[in-house]
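Here is the structure we will look at.
The values are calculated or read from the model by the stated rules, or taken from the named source; none is laboratory data. What you see is a predicted model, and the numbers here were worked out from it, not measured in a lab. When we count neighbours, we look across all protein chains shown, and the Cβ atoms used for this are built from the backbone with ideal geometry, even at glycine.
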Amino acid sequence: MTIKSDGWIRRMAEEHRMIEPFAENQVRDGVISYGVSSYGYDMRVADEFRIFHNALFPLVDPKEFDEDSFMSFQGDVCIIPPNSFVLARSVEYFRIPRSVLTICVGKSTYARIGLIVNVTPFEPEWEGHVTLEISNTTPLPAKVYANEGISQVLFFESDTVCEISYADRAGKYQGQTGVTPAKL
């Protein structure tokens, strides 16, 4: 496997619609940067959020998850309560080629204030908006700015194509378009 550079990312975005909308350059004018970087793509967080709350439920169970555990919010700034968590989605829609796997890491701007962004790998032939898991590890409320950078996607291409892709398995998160909570 090799990590892919900015030229490969641009070519795949143009020829195969791998990232839409695509920011050709890394944008930084008064915003948290997003767009193509040297060896990755900094994606943006959309203005749709699902804020976790524990008012009704004393326990979170991935096998019996109740969507009422989240409060929906839409806006330019999301305030994450102290020691809490939100789900959000990317602005960009991704279409991952069959020979590619991605790893996504949080941006240092947010990490340095105690916000952790978790995203599972985008498997070969997965497509959709990315559901982002954002944790506020601090004892204070924290801001997340919609339509600005949130995490960096790194693209790894294999020398061979996988035998069974995410699309072949009809993965449960294939084609997701909104903030998507856990499914069993």
Task: Candidates THR120, THR138, THR131, filtered to the one that is over 21 Å from VAL36 (Cβ atoms) and modelled with pLDDT under 95 - done: THR120
Task: Among (1) assigned to a strand (DSSP E or B); (2) touching a residue at least 60 places away in the same chain (Cβ under 8 Å); (3) within 19 Å of SER37 (Cβ to Cβ) - the single one CYS78 does not satisfy - done: (3)
- [ ] Identify all residues within region 126-140 that are surrounded by fewer than 23 Cβ atoms within 10 Å (Cβ to Cβ) and part of a loop (DSSP other than H, G, I, E, B); write none if there are none.
- [x] THR137, THR138, PRO139, LEU140
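For (1) within 15 Å of SER135 (Cα to Cα); (2) modelled with pLDDT under 90; (3) in contact with a helix residue (DSSP H, G or I) (Cβ under 8 Å, 6 or more places away or on another chain); (4) in a helix (DSSP H, G or I), each residue gets a yes or a no:
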site	(1), (2), (3), (4)
ALA13	no, no, no, yes
ASN25	no, yes, no, no
VAL31	no, no, no, no
TYR41	no, no, yes, no
ALA46	no, no, no, no
PHE57	no, yes, yes, no
VAL86	yes, no, no, no
ARG89	yes, no, no, no
Task: Members of region 110-125 found to be assigned to a loop (DSSP other than H, G, I, E, B) and polar (S, T, N, Q), listed by number - done: THR120
Open item on the list: Within region 76-100, take every residue that is touching a Lys or Arg at 6+ places or on another chain (Cβ under 7 Å) and either of a type in the set (Lys, Arg) or more than 20 Å from THR180 (Cβ to Cβ) (or both) and give me the one that is surrounded by the most Cβ atoms within 10 Å (Cβ to Cβ).
Closed with: ARG95
Open item on the list: From the list LEU101, LEU140, exactly one residue is within 18 Å of the chain's Cα centre (by Cα) and farther than 13 Å from ARG50 by Cα. Which is it?
Closed with: LEU101
Task: Odd one out for ILE103 among (1) loosely packed, with under 15 Cβ neighbours inside 10 Å; (2) free of Cβ contacts under 8 Å to residues at least 60 places away in the same chain - done: (1)
- [ ] Return the residue satisfying two criteria in turn: it lies in region 15-41 and is under 18 Å from the mean Cα position of the chain (by Cα) and among the polar types (S, T, N, Q), and of such residues it is nearest to ILE3 (Cα to Cα).
- [x] SER37
Open item on the list: Whether any residue in region 36-44 is closer than 21 Å to LEU140 by Cα, crowded, with 21+ Cβ neighbours inside 10 Å and not hydrophobic (A, V, I, L, M, F, W, C) is what I want to check.
Closed with: no
Open item on the list: Suppose we keep only residues that are polar (S, T, N, Q) and outside any loop (DSSP other than H, G, I, E, B) within region 145-184. Which one would you say is surrounded by the most Cβ atoms within 10 Å (Cβ to Cβ)?
Closed with: SER151
- [ ] Among the residues of region 45-75, count how many are over 16 Å from ILE150 (Cβ atoms), surrounded by 10 or more Cβ atoms within 10 Å (Cβ to Cβ) and aliphatic (A, V, I, L, M).
- [x] 2
